[in-house]
Amino acid sequence: MQPLKDIRILSVTVFLAGPYLSMNLARMGAEVIKIEVPEKGDPVRGNGPFAGPKGVNPHPVTPQDISTRFIKRSQGLKSMTLDLKTEKGKSVFLDLAKESDLIIENLSPGSMGRLGLGYQEVSSANPKIIYCSISGYGQSGEYSNKPAHDPQIQGMSGLMDINGAEDGPSTKVGFYIGDLVTPLFAAYSIMSALRHRDQTGQGQYLDVSMMDTLTSLIFMENLEEDLANGIKLRTGNNSRGGPTGLYKTLDSEIIITAASDSQWQRLCTAIGVKEYADDSKFSTYTMRVTNVQEARQIIQNRIKTLTRAEALKTLEAADVPCGPVRSVEEVMVDQQFYDRGTLVPLRNGATSSVVPGIGSGWPVQFSSGPLPELDGAPTLGMNTLDILTDTLGYTPQEIDQLKSGGVI
């Protein structure tokens, strides 16, 4: 299945948010052309180790070697080198924009405009273009020009304030959540914009903010009510809504959910403390929140006498939501993720070979058939000549002029 097989995308993206969006649209069948600075490319290309025909090495040893980080973030993309600071480079970009459906960029706000390639200029050349800008704080507002990477966004969004141990410092989430969740909202918006264009014939501009994304997500919790009621927002591995949380077994840790009255009752019965199931101190959600420390201690006193396997077997038999806290080492060898396409092999596009590492796949199953297997990540400028020739119809003489002028 390739629902976007008739869509061409120009991706002026670096680091993570923009490339992740680009890669996921390529999964859907879109042709995604990554525009890179000649001889340099995405800065991530310089971050080792590097994988190629001679294995993985701390430094490149062959022209086909590619940064493993770049490989992980660029599966299925085409690479074209183009100097957008030159007049001829801008002209080539606009020629490509006329033949494209979507532009994605995640440079500093205003950068594309200063190059003369912002939405206004590009939409003048192609009124049906959809133009998506991803930035830390959005294209407008008092924060828009502040430098921003994921750690700053986690801090500014309020996310770090609710994450971490109750008596500990504000804590960053252990992966680049702003860089990875924001592209999903961008993808929803792009799909909507494409549908809107189908209906009206109009393109449009999408202004996507990482900070806005994370703040909108944390307020899916009733944080304002918790603050008003004096409930601490930072609760570590436990829930603000009662005894749901982390519990230690004899040999490991598990997570238990006891949010509803019926779940609490089943939990108490399963672990042999049925007398607390209907105790007035714990019989309602509000009372379990009020007496959460005592409720948690009752559960912990029983769980600590069991191994992880015993605890899970007991709770699952009683239909109590629970699960082990697995290590990354356990997860990465779980065959289910590979069978479902959640984790996939990584490929080097120059050699079409599988390289060591684990790729992030697509965690949704389509009944109409699987998504296509992506080509490997490209070496710098690997597809430049094909794009100039096949997409734009440039002559060999025109291409030679671009080469001699350092445009490509």
Region 207-219 residues that are touching a residue at least 40 places away in the same chain (Cβ under 8 Å) and over 12 Å from ALA17 (Cβ atoms), paired with ones that are part of a helix (DSSP H, G or I) and of a type in the set (Phe, Trp, Tyr) (beta carbon under 9 Å, 6 or more apart) = ASP212/PHE185
If you go through region 175-195 one residue at a time, do you hit one that is outside any helix (DSSP H, G or I) and modelled with pLDDT of 95 or more?
-> yes
Residue by residue through region 121-141, note down the ones that are closer than 17 Å to VAL92 by Cα, without any contact (Cβ under 8 Å) to a residue 40 or more places away in the chain and either of a type outside the set (Gly, Ala, Ser) or assigned to a loop (DSSP other than H, G, I, E, B) (or both).
-> GLU121, VAL122
So, in region 85-100, of the ones that are in contact (Cβ under 8 Å) with a residue 60 or more places away in the chain and either acidic (Asp, Glu) or in a helix (DSSP H, G or I) (or both), which residue ends up farthest from ILE408 (Cα to Cα)?
-> GLU99
Spot the failing condition for ILE104; the list is (1) in a loop (DSSP other than H, G, I, E, B); (2) at pLDDT 95 or above; (3) surrounded by 18 or more Cβ atoms within 10 Å (Cβ to Cβ), and only one is missed.
-> (1)
Mind checking whether some residue in region 74-83 is in the same structural domain as VAL208 (by TED's automatic domain parsing), modelled with pLDDT of 95 or more, within 23 Å of the chain's Cα centre (by Cα) and farther than 30 Å from PRO151 by Cβ?
-> yes
Enumeration of residues in region 21-30 that are in contact with a helix residue (DSSP H, G or I) (Cβ under 9 Å, 6 or more places away or on another chain), more than 17 Å from THR342 (Cα to Cα) and not aliphatic (A, V, I, L, M) | SER22
Would you please name the residue that is farthest from ALA270 (Cα to Cα), looking only at residues in region 291-325 that are free of Cβ contacts under 8 Å to residues at least 40 places away in the same chain and surrounded by fewer than 16 Cβ atoms within 10 Å (Cβ to Cβ)?
-> GLN293
Search result, residues across region 343-385 that are surrounded by 15 or more Cβ atoms within 10 Å (Cβ to Cβ), of a type in the set (S, T, N, Q) and not in a strand (DSSP E or B) = THR351, THR379, ASN383, THR384
For region 142-171, what are the residues that are of a type in the set (A, V, I, L, M), farther than 22 Å from LEU21 by Cβ and assigned to a loop (DSSP other than H, G, I, E, B)?
-> ALA165
So which of GLY272, GLY245 ends up being touching a residue at least 12 places away in the same chain (Cβ under 8 Å), out of contact with any His (no Cβ under 8 Å at 6 or more places or on another chain) and crowded, with 18+ Cβ neighbours inside 10 Å?
-> GLY245
Determine if region 170-189 includes at least one residue that is more than 18 Å from the chain's Cα centre (by Cα) and either outside the structural domain of THR13 (by TED's automatic domain parsing) or not polar (S, T, N, Q) (or both).
-> no
Given the conditions (1) under 21 Å from MET23 (Cβ atoms); (2) β-branched (Val, Ile, Thr); (3) free of Cβ contacts under 8 Å to residues at least 60 places away in the same chain, and given that VAL328 satisfies all but one, which numbered condition is not satisfied?
-> (1)
Mind telling me which of the residues ILE408, ILE399 ends up being in a helix (DSSP H, G or I), hydrophobic (A, V, I, L, M, F, W, C), over 24 Å from PRO53 (Cβ atoms) and over 18 Å from the mean Cα position of the chain (by Cα)?
-> ILE399
Qualifying residues in region 27-53 (those that are under 28 Å from LEU184 (Cβ atoms) and among the basic types (Lys, Arg)) - the one surrounded by the most Cβ atoms within 10 Å (Cβ to Cβ) = LYS34
Could you list all residues from region 204-235 that are of a type in the set (S, T, N, Q), surrounded by fewer than 15 Cβ atoms within 10 Å (Cβ to Cβ) and part of a loop (DSSP other than H, G, I, E, B)?
-> ASN222, ASN229
Counting only residues that are under 16 Å from ARG288 (Cβ atoms) and either in a loop (DSSP other than H, G, I, E, B) or among the aliphatic types (A, V, I, L, M) (or both), how many does region 248-276 have?
-> 8
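The values are calculated or read from the model by the stated rules, or taken from the named source; none is laboratory data. The model shown is predicted, which means the values in this text are computed figures rather than measured ones. No Cβ is skipped: glycine too gets one built from the backbone with ideal geometry, and neighbour counts run over all protein chains shown.
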